[in-house]
1. Which condition number does A:K224 fail, the rest of (1) closer than 24 Å to A:E75 by Cα; (2) free of Cβ contacts under 8 Å to residues at least 40 places away in the same chain; (3) among the basic types (K, R) being met?
2. Keeping to the range A:102-127, report how many residues are under 18 Å from the mean Cα position of the chain (by Cα), touching a residue at least 60 places away in the same chain (Cβ under 8 Å) and surrounded by fewer than 19 Cβ atoms within 10 Å (Cβ to Cβ).
3. Can you report the number of residues in the range B:80-107 which are under 13 Å from B:V55 (Cα atoms) and more than 10 Å from chain A (Cβ to nearest Cβ)?
4. Could you pull out the residue among B:E138, B:E85, B:E142, B:E72 that is among the acidic types (D, E) and within 15 Å of A:T196 (Cα to Cα)?
5. Taking the range A:129-147 only, how many residues are in a strand (DSSP E or B) and without any contact (Cβ under 8 Å) to a residue 24 or more places away in the chain?
6. Taking into account only those residues within the range A:25-47 that are modelled with pLDDT under 90 and within 8 Å of chain B (Cβ to nearest Cβ), which is farthest from A:A198 (Cα to Cα)?
7. Just to be sure I understand, how many residues within the range B:97-126 are surrounded by fewer than 14 Cβ atoms within 10 Å (Cβ to Cβ) and without any contact (Cβ under 8 Å) to a residue 12 or more places away in the chain?
Amino acid sequence: MNFTRRQMLMLLPAAAIAWESVMAGTPEASPNYAMTDHWWGMLIDISKCIGCGNCVRACATENNVPDGYFRTWVERYHVSDDNLVSPVVDSPNGGKDGFPPRLESGGKDFFVPKMCNHCADSPCTQVCPVGATFITPDGVVLVDKKYCIGCRYCIQACPYGCRFLNPKTQTAEKCTLCYHRITKGLTTACCEACPTGARQLADLKNPKDPIHEFLRTHNVQVLKPYLATGAKLFYNDLDGSVR
Amino acid sequence: MSRFKDVEHLLRVAAVFAVGIALFVAVRAILVPRSFGEYGHYRGNAIAEIAAQPVVFAGHQTCEACHSDVAEVKSKGKHATVNCEACHGALAKHADDPGTVQPPKLDTALLCVRCHEVNGARPKNFPQIVAKEHDPAEVPCEACHQPHSPLMGLEAKP
């Protein structure tokens with residue numbers, strides 16, 4: 001390529017403007033959304049979950065989750081009558097294809113949907129050496145895949161096992177609480193697909209959100225509260241054997 | 001000036017340091033994205049990039065904007081709380097372009113039992129059947145139950 005001096009002089013400002021736009025990144029996707037007005041969490045009502053796997057399939061469809069990896073999954077617990085502390089847990093393909101009926105009788109069985117707890121004081125964001133994972137001002141834990149170096153620290157740090165390394169991009173991946181949906185006023189894909197309302201997106205900063213009334217009037221727990229992660233995935237009717 | 005007679009080598013080292021620091025500051029200013037540190041120790045623009053991901057499930061509000069007749073039937077039946085895309089699948093593409101993108105035909109033989117086949121771990125009050133006993137002739141579910149309002153003998157039949 002041969003440039004004249006004139007062409008070069010015309011090209012340079014154009015290149016400068018292009019570089020500027022690269023540095024500035026993509027523009028704000030949802031102009032009407034103010035991050036400071038929200039503090040997101042989710043309510044999971046165990047007594048409503050039927051283990052159909054709709055949430056797992058919806059999440060995979062919405063977020064293009066690779067096969068065999070899960071941003072959300074459903075576990076089936078079997079607690080026998082004489083051993084309340086060692087439940088038998090199974091989750092065939094994350095519950096994506098449903099659950100075959102269990103043959104043995106006795107004890108109790110129930111489903112526990114799991115996903116990122118979007119902890120307010122999350123261990124995963126604290127261990128990231130490059131600032132690739134973080135909690136947004138509206139309380140959603142996200143991964144910046146352009147910054148992630150795939151060191152897997154966060155995957156080990158998550159006490160709930162909610163992260164995985166995407167085999168294609170080799171970056172850490174996790175539930176985004178459908179950030180691209182909730183910032184547009186939609187609910188998450190899993191909540192949208194849940195037929196029984198066992199999953200409810202909750203905005204803890206919105207005084208009109210039914211979550212407040214629900215938390216006051218029900219026996220709601222979070223997973224592993226002794227870790228003081230500030231988990232915002234609230235479980236109603238959670239059995240004590242669930243880990 | 002005799003006091004500073006032998007400082008030349010120090011000045012050289014100082015100059016090397018000064019150039020090095022200036023270079024570091026300059027390179028850092030170029031390499032660190034401008035939005036880094038906007039909200040915390042991360043790239044602020046990453047938030048908008050993640051929020052820009054396309055939506056795949058349109059959401060029941062979008063469906064009901066056109067299919068208000070179905071929403072009306074459904075709101076009175078047992079499936080009132082079941083959102084459209086729970087059964088019909090993700091259809092944002094159909095909502096964007098209803099003319100060319102048609103929703104796939106559904107197979108009730110697969111769909112209904114996904115929720116209603118008996119399973120010991122399901123809540124006891126949830127309606128469940130053993131498909132082989134309930135429907136040994138494998139009659140399609142919708143022959144008796146209208147999926148949008150599934151109780152039999154109701155006025156909400158098709």
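1. Every condition holds for A:K224 apart from (2).
2. 3
3. 5
4. Residue meeting the stated conditions: B:E85.
5. 2
6. A:G25
7. Counting residues in the range B:97-126 that are surrounded by fewer than 14 Cβ atoms within 10 Å (Cβ to Cβ) and without any contact (Cβ under 8 Å) to a residue 12 or more places away in the chain gives 10.
To keep it simple, each residue is scored yes or no on (1) surrounded by 15 or more Cβ atoms within 10 Å (Cβ to Cβ); (2) away from chain B (no Cβ under 14 Å); (3) touching a residue at least 24 places away in the same chain (Cβ under 8 Å); (4) in contact with a Leu (Cβ under 7 Å, 6 or more places away or on another chain).
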{"residue": "A:F164", "(1), (2), (3), (4)": "yes, yes, yes, no"}
{"residue": "A:P167", "(1), (2), (3), (4)": "no, yes, yes, no"}
{"residue": "A:Q170", "(1), (2), (3), (4)": "no, yes, no, no"}
{"residue": "A:Y179", "(1), (2), (3), (4)": "yes, no, yes, yes"}
{"residue": "A:L204", "(1), (2), (3), (4)": "yes, yes, yes, no"}
{"residue": "A:P207", "(1), (2), (3), (4)": "no, yes, no, no"}
{"residue": "A:N219", "(1), (2), (3), (4)": "no, yes, no, no"}
{"residue": "A:G230", "(1), (2), (3), (4)": "yes, yes, yes, no"}
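The values are calculated or read from the model by the stated rules, or taken from the named source; none is laboratory data. Since this is a predicted model, take the numbers as computed values, not measurements. Reconstructed Cβ throughout: ideal geometry from the backbone, glycine too, with neighbour counts over all protein chains shown.
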